[in-house]
2 protein chains.
Amino acid sequence: MTNVHKSRISVDIYGQQYIIMGTESPNHIRLVASLVNDKMREIHSKNPNLDVNKLAVLTAVNAVNEYLKMKDELEQLKLEQQKEKDY
Amino acid sequence: MTNVHKSRISVDIYGQQYIIMGTESPNHIRLVASLVNDKMREIHSKNPNLDVNKLAVLTAVNAVNEYLKMKDELEQLKLEQQKEKDY
């Protein structure tokens, strides 16, 4: 049986408390929460009429977009590395 | 003056319509929206009592977490590449 230690951290995001569970360190979980919080406040400041629900969805859209761009960059870098090894 | 073409795409995420604007291609924007939609449905199936607002925030938390992990991997790979060049 594996015994992976799970963190259980309470964080505040946009004025709401969330219990986040994960195998990541408490510091990592707090960093993620604070980035989401910052991004929600940034999107709110540009679109003050958005309700919290749409704000959160657009924050998720933003994060997934950044994730995909980084994934492309990572794959490109891996390809380059492979090419160099092949020569 | 730069003339960057901005897409303006209407997408459906978790039963709500969103207008997403960006310099990315319409297909990329639709892919991002469908990933957010899928992730929201996945988190909902595991936590059916969560309201939509919390569901969207947790989806954003999830995406930012994946983003940070990939960023670490990318930085590690760049470091390795740099080391190889230095030898």
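The values are calculated or read from the model by the stated rules, or taken from the named source; none is laboratory data. What you are looking at is a predicted structure, and each value in this text was computed from that prediction instead of being measured. As a convention, Cβ positions derive from the backbone with ideal geometry for all residues, glycine included, and neighbour counts pool all protein chains shown. The accessibility values were calculated without ligands, DNA or RNA, using every heavy atom of the protein model including side chains. Shrake-Rupley method; radii C 1.70, N 1.55, O 1.52, S 1.80 Å.
What the table shows:
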quantity	calculated
Qualifying residue in region A:65-79 (condition: within 15 Å of the chain's Cα centre (by Cα), free of Cβ contacts under 8 Å to residues at least 40 places away in the same chain and farther than 22 Å from B:Leu74 by Cβ)	no
Only listed residue being among the charged types (D, E, K, R), outside any helix (DSSP H, G or I) and either within 10 Å of chain A (Cβ to nearest Cβ) or on the phi > 0 side of the Ramachandran plot (or both), chosen from B:Glu84, B:Glu80, B:Glu66, B:Glu24	B:Glu24
The listed residue being of a type in the set (A, V, I, L, M, F, W, C) and open to solvent by less than 60 Å² (accessible area, probe 1.4 Å), out of A:Met21, A:Met40	A:Met40
Qualifying residue in region A:37-47 (condition: at the interface with another protein chain (Cβ under 8 Å from one of its Cβ atoms) and over 25 Å from B:Glu75 (Cβ atoms))	yes
Pick from region B:1-16, criterion part of a strand (DSSP E or B) and open to solvent by less than 90 Å² (accessible area, probe 1.4 Å), ranking: modelled with the lowest pLDDT	B:Ser7
Single residue of region A:43-63 satisfying the filter (loosely packed, with under 12 Cβ neighbours inside 10 Å and assigned to a helix (DSSP H, G or I)) that is modelled with the highest pLDDT	A:Ser45
Boolean, B:Lys71 is at the interface with another protein chain (Cβ under 7 Å from one of its Cβ atoms) and charged (D, E, K, R)	yes
